[in-house]
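Working notes for the structure below.
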Amino acid sequence: WATNTLPKAVVPMENLYAFGGIELFRNAYLRLLKSLALVEILDLQAKEIRHFGQFTITAGGNRINWLNAIMAPGQSTPAVLADVFAHFQRLVAYTRLRKTLKVDGADLIEILKNPHAVNTENENLMLKYAGWTAEDRDALLLRMGWTVDDLSDVFHLSRLNEAYRLVQQTGLSAA
């Protein structure tokens with residue numbers, strides 16, 4: 001590099017790159033790689049990523065997307081890591097439920113968004129995929145102290161499914 005007043009010289013390192021920008025890129029790239037690994041390992045679809053990506057945690061006094069809180073090693077607090085882990089557990093529970101029910105991810109997301117969702121044949125999606133009767137579902141919900149709307153939480157839906165499987169094994173009706 002050269003100017004009218006400076007002779008030809010090697011560009012100083014500090015003038016080549018904004019080191020803060022490189023560090024920001026590095027952290028964002030690591031988060032992206034971790035997110036992509038989750039997508040691949042859990043076999044997630046775009047609609048599933050959108051749904052689970054909407055959840056936030058508090059980090060440094062700010063509400064941020066939990067996937068963005070997946071930091072590079074040593075850059076997170078124990079509280080943030082606990083929150084990220086809780087969302088990861090939610091994602092794993094969802095994936096297990098999706099495989100257990102043998103349901104398409106888009107339909108299961110619709111069930112989580114609206115447990116009362118129906119298909120074009122006016123069948124309740126939850127009852128259709130879970131193989132439950134409305135009476136058995138309602139009886140189990142009553143025993144657990146939940147309502148149908150509580151099944152928008154993947155942990156509740158998964159637990160209800162496990163309870164229903166236990167009822168099925170006994171050969172009795174939950175109602």
Identity of the residue in segment 118-134, open to solvent by 30 Å² or more (accessible area, probe 1.4 Å) and small (Gly, Ala, Ser), that ends up modelled with the lowest pLDDT: Gly131
Residue list for segment 34-53, filter: open to solvent by 80 Å² or more (accessible area, probe 1.4 Å) and either free of Cβ contacts under 8 Å to residues at least 40 places away in the same chain or farther than 17 Å from Ala93 by Cα (or both): Leu36, Glu40, Ile41, Arg50
Members of segment 135-175 found to be small (Gly, Ala, Ser), over 16 Å from Leu101 (Cβ atoms) and either open to solvent by less than 80 Å² (accessible area, probe 1.4 Å) or not in a loop (DSSP other than H, G, I, E, B) (or both), listed by number: Ala139, Gly145, Gly171, Ser173, Ala174
Test: residue in segment 77-91 that is open to solvent by 70 Å² or more (accessible area, probe 1.4 Å), closer than 30 Å to Leu172 by Cα and within 17 Å of the chain's Cα centre (by Cα): no
Some residue of segment 23-33 being at pLDDT below 80, surrounded by fewer than 10 Cβ atoms within 10 Å (Cβ to Cβ) and farther than 30 Å from Asp104 by Cα: no
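The values are calculated or read from the model by the stated rules, or taken from the named source; none is laboratory data. Predicted model, so just to flag it, every value in this text is computed and none were measured. Cβ sites come from the backbone with ideal geometry, for glycine too, and all protein chains shown count toward neighbours. Quick note on the areas: whole protein, heavy atoms, side chains included, nothing else; ligands and nucleic acids left out. Shrake-Rupley method; radii C 1.70, N 1.55, O 1.52, S 1.80 Å.
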